[in-house]
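The values are calculated or read from the model by the stated rules, or taken from the named source; none is laboratory data. All values reported here derive from a predicted model rather than from experimental measurement. Note that each Cβ is placed from the backbone with ideal geometry, even for glycine, and that neighbours are counted across all protein chains shown.
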Amino acid sequence: MQDKKIKMKINKILIFGGCGHGKTCLGKNVSDLLNIPTYDLDNVTFNEEHSKKVSDSLRDKRLNNILKKQRWIIEGPYAGEWIYPAIKKSEIIVILKINSLIATKRVISRFIKEKMKRVKNKGRTLKDLPRIMKYAFGYTYDYFPKHIDLAKTFNKEFIILKNKKQINRFLEDLK
């Protein structure tokens, strides 16, 4: 479904990808193009300081509040059962599969910028960096196949974007 031109009015978009794969950036760009609010699943899953996970019931309540809206872009790396309602309600799923080395470089760069206070800090510390790098590098072998399987299981239209050229073409097709 990679080169298929998007020709419908899309109101509910789910973006999957690993750490450093560009989910937040793509979500913001699509949001700006279509005037649809975007939601980061980390903000659904963690407390305000991003220092610990919230209860499952609060997480589910937060997600359901988003899903009640007429239009949304939801982005995150998650694949657990709690995300199934978002998959079911999405009109298209965008899966980012960026080169693992590029994603890892982005994670390190973002971490350095956070520590230098140039971007918002999500409460990460130096001890979190190896874990986040592992998620960035391992996405292709771990969560990417799960995201493909979930899209197929729920019979959802999906597109896989692997580089800037494909991302830019996708954004152009949305105009």
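List of remarks:
- Of the residues making up the stretch 33-87, those that are surrounded by fewer than 12 Cβ atoms within 10 Å (Cβ to Cβ), of a type in the set (Gly, Ala, Ser) and either under 18 Å from the mean Cα position of the chain (by Cα) or within 13 Å of Asn11 (Cα to Cα) (or both) number 1.
- Within the stretch 135-150, at least one residue is of a type in the set (Asp, Glu), modelled with pLDDT of 95 or more and part of a helix (DSSP H, G or I).
- Output for the stretch 25-36, where each listed residue is out of contact with any helix residue (DSSP H, G or I) (no Cβ under 8 Å at 6 or more places or on another chain) and over 12 Å from Val94 (Cα atoms): Cys25, Lys28, Ser31, Asp32, Asn35
- Residue identified as in contact with a helix residue (DSSP H, G or I) (Cβ under 6 Å, 6 or more places away or on another chain), of a type in the set (A, V, I, L, M, F, W, C) and not in a loop (DSSP other than H, G, I, E, B) among Ile83, Ile15: Ile15
- Among the residues of the stretch 93-104, those identified as within 16 Å of Lys23 (Cβ to Cβ) and either part of a helix (DSSP H, G or I) or within 13 Å of the chain's Cα centre (by Cα) (or both) are Ile93, Val94, Ile95, Leu96, Lys97, Ile98, Ser100, Ile102, Ala103, Thr104.
- Filter result for Glu91 (surrounded by fewer than 17 Cβ atoms within 10 Å (Cβ to Cβ) and within 17 Å of Phe158 (Cβ to Cβ)): yes
- If you go through the stretch 25-75 and keep only what is polar (S, T, N, Q) and assigned to a helix (DSSP H, G or I), you end up with Asn29, Ser31, Asn43, Thr45, Ser57, Asn64, Asn65.
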